[in-house]
Ligand code: FES
Ligand SMILES: [Fe+2]
């Protein structure tokens, strides 16, 4: 190994720059406990075989042992607001119909006709009954059987057997999760610290203001992992270095299913020097896409105020005005930073008072070399006003850049930079002669954590 690499004892690798916890010490309002948690049990320094991404056998193991056992986010309650609204959720070879009933209850059914097996619905939509397009077998929205043409020919069928098979379903934060395993643990347990950490952010009250989906040319884990570390910022997103504390990030893992990264914003990266506070302020407003303003609009940073304080207060004022919420106790961290949680296996959601970005990555049908990436932004609306409807899903053609979805704003360019790496990663993994990734001890610890949990499903 290169003797210039400064090898520290396992579990102690950290950047020397100011840490997220030290930035919290500067907050002038009480810091909530969830931000003070700093938990990253040592995950060792083992290499990660590329087989886990490129081999068909590994995909088949996930298909047989992982996807049938996990709680997976499908859509949001607001996507199916009225009785009869339904959402088709496909994963590997499975198809699920998430339906809102006349009784307002949401249920998940196997999307397959009990006559000869056709999918009952090809796409999400609205209907007051579930009628198979092949011969017309028809179910009520609660899954009970209604009728079929020529009932005289089916005297051998029992009405009870004709109930649509139902899956486990749970909700949190306005998200609808399903689980194929009838013996699964309750969703509340599975989500671990997530509900507690999001106590200040009632996601179920927010509405989907942006909803963009695209097929991405990589295994689902490659895409998912691109959003689990800030280590790639320096090389991949160089335009944001003047206001992104990439190496200052904190990475936490909570139990098997939840991890987070916190990347401080409105401070320059430790990788660059000589950035003045005014530059940090101007660039974050113009380029981050997550601040209260999308440009500096002639604002002058006073000499004795840091960009982090200034933008923190600016966000506090404008976010509070827009939502009608009292944000006097919001920390600068919650007003500024990239605080990103994931729930195993494929769901990620941001904390904070700006739009909360949500990612979902899953295999594209049974293809392990492409995946479906869905990005939402959850927005607040003024207290007391009517909740806006969720926006329509914008499905981008796989050849299109994310900048073709103008609703993503500055995030479109950032996603394009991320996606550019993914196809090349796949190609390089196949060409590689070492056949494994040599992960960073700390900054890539969430990826180690993801694979540790995958193994708990695969190795049984
Ligand atoms: S396959 Fe559905 S009615 Fe025949
Ligand atoms: Fe990125």
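May I ask you to verify whether residue 231 is within 23 Å of residue 347 (Cβ to Cβ), more than 13 Å from ligand 2 (Cβ to nearest atom) and in contact (Cβ under 8 Å) with a residue 12 or more places away in the chain? Taking the combined requirement at face value, the residue does not satisfy it.
Anything in segment 107-120 that is in contact (Cβ under 8 Å) with a residue 24 or more places away in the chain, crowded, with 20+ Cβ neighbours inside 10 Å and more than 8 Å from ligand 1 (Cβ to nearest atom)? List them, or say none. Selection gives 108, 109.
Yes or no: residue 208 surrounded by fewer than 19 Cβ atoms within 10 Å (Cβ to Cβ) and either away from ligand 1 (no atom under 15 Å from the Cβ) or in contact (Cβ under 8 Å) with a residue 60 or more places away in the chain (or both)? First the steps, then the outcome.
Numbers: surrounded by fewer than 19 Cβ atoms within 10 Å (Cβ to Cβ): no; either away from ligand 1 (no atom under 15 Å from the Cβ) or in contact (Cβ under 8 Å) with a residue 60 or more places away in the chain (or both): yes.
For residue 208, the condition - surrounded by fewer than 19 Cβ atoms within 10 Å (Cβ to Cβ) and either away from ligand 1 (no atom under 15 Å from the Cβ) or in contact (Cβ under 8 Å) with a residue 60 or more places away in the chain (or both) - is not met.
Scanning segment 229-247 for residues that are in contact with a helix residue (DSSP H, G or I) (Cβ under 6 Å, 6 or more places away or on another chain), part of a loop (DSSP other than H, G, I, E, B) and buried (at least 23 other Cβ atoms within 10 Å of the Cβ) gives a single hit, 246.
Got at least one residue in segment 277-284 being in a loop (DSSP other than H, G, I, E, B) and either over 21 Å from residue 328 (Cα atoms) or in contact (Cβ under 8 Å) with a residue 40 or more places away in the chain (or both)? No, because not a single residue in segment 277-284 is in a loop (DSSP other than H, G, I, E, B) and either over 21 Å from residue 328 (Cα atoms) or in contact (Cβ under 8 Å) with a residue 40 or more places away in the chain (or both).
Residue-level check: of (1) out of contact with any strand residue (DSSP E or B) (no Cβ under 6 Å at 6 or more places or on another chain); (2) within 16 Å of ligand 1 (Cβ to nearest atom); (3) in a loop (DSSP other than H, G, I, E, B), residue 95 misses just (3). If you go through segment 128-145 and keep only what is surrounded by 13 or more Cβ atoms within 10 Å (Cβ to Cβ) and more than 12 Å from ligand 1 (Cβ to nearest atom), you end up with 140, 141, 142, 143.
Within the span defined as segment 426-444, one or more residues are touching a residue at least 60 places away in the same chain (Cβ under 8 Å), farther than 21 Å from residue 231 by Cβ and assigned to a loop (DSSP other than H, G, I, E, B).
Every number in this text was worked out from the coordinates using simple rules, so none of it is lab data. What you see is a predicted model, and the numbers here were worked out from it, not measured in a lab. Cβ sites come from the backbone with ideal geometry, for glycine too, and all protein chains shown count toward neighbours.
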